[in-house]
Each structure stands twice: as structure tokens, then as C-alpha cells.
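Below is one structure, written out as C-alpha cells, with a few remarks after it.
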Amino acid sequence: MSSIDKRPNWRYRRRWREYPGGPQKTRLFDRKGDAQQFLDVVRGEVAHGLYIHPAGARTLFRDYAAAWRGDRPTDGGPPWLARCRKASPTGR
């Protein structure tokens, strides 16, 4: 699933797949220890379901919020909100 190998230019290449059969990702490091540390972090994130693809991390919050709002019903909010407004002394 992942490996580290030494390149002819004396750098270390770290290779991994985000999921079995997925495309291979690579990254170069000057030191083997740095490559190993990166490998350990990514392995842990994938194992715990916390891994975020770098391209996905570039989504702006306003774009994500707009998409999220588009999935929400537009009938005045959730049912509990109407009950809270009725129970509130100010009616807000």
C-alpha cells in the first residue's frame, strides 16, 4: 500500500495509495526519516478515516457552505425551531 525508496538524486520517494487499486501518489523528501514520518501520519489518517485529499482541502468555506445550504429544506427551518419560537416570550 505504501513504500519508501531511494532515488538516484539521493532523495527519498514516498509512494502510497489512498485506497486499494487507487491511483499512486508520490512525494519526495531529502531525509528518510522525514519520509517515514509522513508515511506514518498518512497511514494513521487513512486507518482512522481522517485522511483528506489535498485537492479536497482547497475547497473554500463559502463554497462548502453554499452547497450545504442548497441541500437544506427552505420551509422555514427545522420543526423544533417553530416550537422554540412559540415558546419564547418575545416570539423570535
Pair list, Cβ < 9 Å and 6+ apart or interchain, from segment 32-43 residues that are within 23 Å of Asn9 (Cβ to Cβ) to residues that are among the polar types (S, T, N, Q) and surrounded by fewer than 14 Cβ atoms within 10 Å (Cβ to Cβ): Leu39/Ser3
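Would you pick out the residues in segment 4-39 that are small (Gly, Ala, Ser) and farther than 22 Å from Ile52 by Cβ?
At the first step, the residues of segment 4-39 found to be small (Gly, Ala, Ser) are 21-22, 33, 35.
Selection gives Gly33 alone.
Residues Asp40, Asp34: which one is surrounded by 13 or more Cβ atoms within 10 Å (Cβ to Cβ) and in a helix (DSSP H, G or I)? Working first, answer last.
On the way: Asp40 fails: surrounded by 13 or more Cβ atoms within 10 Å (Cβ to Cβ).
Being surrounded by 13 or more Cβ atoms within 10 Å (Cβ to Cβ) and in a helix (DSSP H, G or I) holds for just one of Asp40, Asp34, which is Asp34.
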Selection within segment 7-31 - touching a strand residue (DSSP E or B) at 6+ places or on another chain (Cβ under 6 Å) and in contact (Cβ under 8 Å) with a residue 24 or more places away in the chain: Arg14, Trp16
Criterion violated by Asp5 - all others in (1) assigned to a strand (DSSP E or B); (2) at positive phi satisfied: (2)
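Can you tell me which of Asp30, Asp40 is modelled with pLDDT of 75 or more and farther than 16 Å from Ser2 by Cα? I'd like the intermediate steps shown before the answer.
Working: Asp40 fails: farther than 16 Å from Ser2 by Cα.
Of Asp30, Asp40, the one residue that is modelled with pLDDT of 75 or more and farther than 16 Å from Ser2 by Cα is Asp30.
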Filtered residue count, segment 1-27, keeping only those that are surrounded by 10 or more Cβ atoms within 10 Å (Cβ to Cβ), at pLDDT 85 or above and hydrophobic (A, V, I, L, M, F, W, C): 1
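The values are calculated or read from the model by the stated rules, or taken from the named source; none is laboratory data. Since the structure is predicted, the reported quantities are computational estimates derived from the model, not experimental observations. Every residue, glycine as well, gets a Cβ built from its backbone with ideal geometry; the counts of neighbours run over all protein chains shown.
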